[in-house]
Amino acid sequence: MQIAEGLGPRAWKYHLVEALDGMNRKFTNPYIIFYPTVSRDGMPFPINKSIREIQARAFREETAWRGNVVIAKYRDNPFSSMMDTSMADFAILRNYLMTHGAPR
């Protein structure tokens, strides 16, 4: 399924990941998750299979991440400089995605 054309940034929303549950300080270099909101044909995007596999038994269809998501790590506010990620970042993001559905 494709994202609607001509809407520019309105076809996407973003969600900040500044800390994991239980942390009392924010990440020095937080993450931003971009996700599509408007499809070309107006139908809901399909459920993201990769995130569904990460969530396993915790998966709930009503809060599923849909479509292709893009996750970036950034420094400087507001999102002016993206950074390379490492395998350590994958573990952090996997933890976050296991316990959090898509924002509504």
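At a glance:
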quantity: The stretch 40-104, accessible surface, carbon-and-sulfur percent (1.4 angstrom probe); calculated: 52
quantity: Sequence of Glu18, Glu61, Glu53 from largest to smallest accessible area, 1.4 Å probe; calculated: Glu53, Glu61, Glu18
quantity: Ranking by accessible area, most exposed first, for Asp41, Asp89 with a 1.4 Å probe; calculated: Asp41, Asp89
quantity: Nearest-10 value in Å² for the accessible area of Lys26, using the 1.4 Å probe; calculated: 140
quantity: Acute angle (nearest 10 degrees) that the helix 87-99 long axis makes with the longest principal axis of the chain, alpha-carbon atoms; calculated: 60
quantity: Inter-label distance, nm, simple model (7 Å from Cα along the C-beta direction), Arg94/Thr37; calculated: 3.1
quantity: Global form of the chain, assessed from the alpha-carbon gyration tensor, a/c cut-off 1.5; calculated: oblate
quantity: Whole-Hz couplings from phi, Karplus 6.51/-1.76/1.60, listed for the stretch 33-38; x for Gly and Pro; calculated: 10, 9, 9, x, 10, 10
quantity: 20 Å Cα-Cα reach of Lys73 towards aspartates and glutamates, excluding residues that sit fewer than 8 places from it in its own chain; calculated: Glu18, Asp21, Asp84, Asp89
quantity: Other-chain or far-sequence residues with amide H under 5 Å of Val69's (modelled H); calculated: none
quantity: Residues with amide H under 5 Å from that of Ser39, placed H, sequence gap 5 or more; calculated: Ala4
quantity: Within the chain, helix-based [θ] at 222 nm, where runs of 4 or more DSSP H residues each add -39,500 (n - 2.57), nearest 500; calculated: -5500 deg cm²/dmol
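The values are calculated or read from the model by the stated rules, or taken from the named source; none is laboratory data. These figures come from a predicted structure and were not determined experimentally. Neighbour counts run over all protein chains shown; Cβ positions are idealised from the backbone, glycine included. Note: accessible area is taken over every heavy atom of the protein model, side chains too, but ligands, DNA and RNA are not part of it. Shrake-Rupley method; radii C 1.70, N 1.55, O 1.52, S 1.80 Å.
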